[in-house]
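Participant: Below is a structure I'd like to ask you about.
Every number here is computed from the coordinates shown, using simple stated rules; none is lab data. Please read all numbers here as calculations on a predicted model, not as lab measurements. Glycine gets a Cβ as well: all are built from the backbone with ideal geometry, and neighbour counts include every protein chain shown.
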Ligand code: PBG
């Protein structure tokens, strides 16, 4: 007898029947950029169609996400005023808190709202925390600010705070502050394994980052794999509700091991540079855009992501829903 694996590949119906990895709209999370004082939606350099939104225009993006079957959005804000300590981040009437409040009032519980919990958009030096005298990012004084920011965002109505700063102890610290202030139902989506990556550049245009230098003093070194598991275990022990691996496509191995050990849902962020690579190749006519996107997102799912944060979320969700 000859073993013939091709039998299970012979028709679309049979291939569908035996497929075991599925993308669904509900697993996709849509990032959204909202810029303070902006008059009209504005394209972002290197982000191929992703816009900076006004405080009103982003509400339509929420409606589109809901209509497509997406269940969550990740909100990033671009403030007009930046300073050394990122003080607009903790302002209860600052752009991010305001946007969360508006989003909640507009969409109710139909979307899970994740608010970015980090200082990089708010500091005039562009780092994810405040600086010590020697210019390094000061871990523990940054935690204090994250705590204040978390309280403002929780009060504004965020379901989850996206702890993306890679400070040690941030999940436990923020969890403690939230609980002490009565926000026991506000969750933490921890960017547990976040690498210092060359794939974040378009995002930095999106938030008009002021960063000089890099984040290698706090984000992970991509030459060390095992450390991600330590970060993951710490975040889960500190109370993370969801853990995240970022970037996604260049880190499928990390994602796979994270999904094997995690007792909480695992998310993966297909970041701006990964998005731009495919968009640029498609624009140059060297890739079939839709096929490449589906293949990559399915690979992220196959590697173990329960949730995929991607700039294609609403578009792909719509196509999945319509069976395109
Ligand atoms: C920083 C942050 C970054 C991204 C999300 N949050 C950039 C960075 O760490 O420099 C990147 C996301 C993307 O590239 O799509 N808080």
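Participant: Grab the Cα-Cα distance for residue 168 and residue 205, subtract it from 0.36 nm times how many residues apart they are, and report the gain in nm with one decimal.
Facilitator: Details: separation 37, 0.36 × 37 = 13.32 nm, distance 2.66 nm.
Fully extending the segment from residue 168 to residue 205 adds 10.7 nm.
Participant: Once every DSSP H run of n ≥ 4 in the chain is given -39500 (n - 2.57) and the sum is divided by its residues, what mean residue ellipticity at 222 nm do you get, rounded to the nearest 500 deg cm²/dmol?
Facilitator: -11500 deg cm²/dmol
Participant: Can you give me the distance in nm between label points at residue 230 and residue 21, each placed 7 Å from the Cα along the Cα-to-Cβ direction?
Facilitator: A separation of 3.0 nm, rounded to one decimal place.
Participant: Please list the equivalent ellipsoid semi-axes of the stretch 202-249, computed as the square roots of five times the alpha-carbon gyration tensor eigenvalues, in descending order and whole angstrom.
Facilitator: So the equivalent ellipsoid measures 24, 14, 11 Å along its semi-axes.
Participant: Right, something else. If you build the convex hull over the alpha carbons only and average its shadow over all orientations, what do you get for the chain? Give it in nm² to one decimal.
Facilitator: 18.3 nm²
Participant: Rounded to two decimals, what is Rg over Rh for the stretch 265-324 when you use alpha-carbon atoms and the Kirkwood radius?
Facilitator: 0.97
Participant: Among DSSP bridges having both ends in the stretch 81-215, what percentage is antiparallel? Round to the nearest 5.
Facilitator: 10 percent
Participant: Considering the stretch 167-246, what Rg and Dmax in Å follow from its alpha-carbon atoms?
Facilitator: Using the Cα atoms of the stretch 167-246, the pair Rg, Dmax is 14.3, 40 Å.
Participant: Now for a separate question. Compute the helix-to-body angle for 252-261: its Cα long axis versus the longest principal axis of the chain, expressed 0 to 90° and rounded to tens.
Facilitator: Once rounded, one gets 80 degrees.
Participant: May I ask for the percentage of alpha-carbon pairs in the stretch 35-167 that lie more than 20 Å from each other?
Facilitator: Above the 20 Å cut-off, the stretch 35-167 has 46 percent of its Cα pairs.
Participant: While we're looking at this one, here's another question. Using the basic label-point model (7 angstrom from Cα toward the beta carbon), what is the residue 179 to residue 64 distance in nanometres?
Facilitator: 4.1 nm
Participant: A further question on this structure: For the chain, find the longest principal axis of its Cα atoms and tell me its angle to the long axis of helix 170-180, 0 to 90°, nearest 10.
Facilitator: The answer is roughly 60 degrees.
Participant: Percent relative contact order of the chain, based on C-alpha pairs within less than 8 angstrom and at least six residues apart?
Facilitator: RCO, the chain: 20 percent.
Participant: Just report the Cα centroid separation between the stretch 20-84 and the stretch 255-324, whole Å.
Facilitator: 16 Å
Participant: What Kirkwood Rh does the stretch 179-324 have if only Cα atoms enter the pairwise 1/r average? Answer in Å.
Facilitator: That comes to 16.5 Å for the stretch 179-324.
Participant: Related question: For the stretch 111-225, I need the span (max minus min coordinate) of the C-alpha atoms along each principal axis, in Å, sorted largest to smallest.
Facilitator: On the principal axes, the stretch 111-225 reaches 38, 34, 31 Å in Cα extent.
Participant: If N is the number of residues in the stretch 58-109, what value comes out of its Cα radius of gyration divided by 2.2 N^0.38 Å?
Facilitator: It is 1.31.
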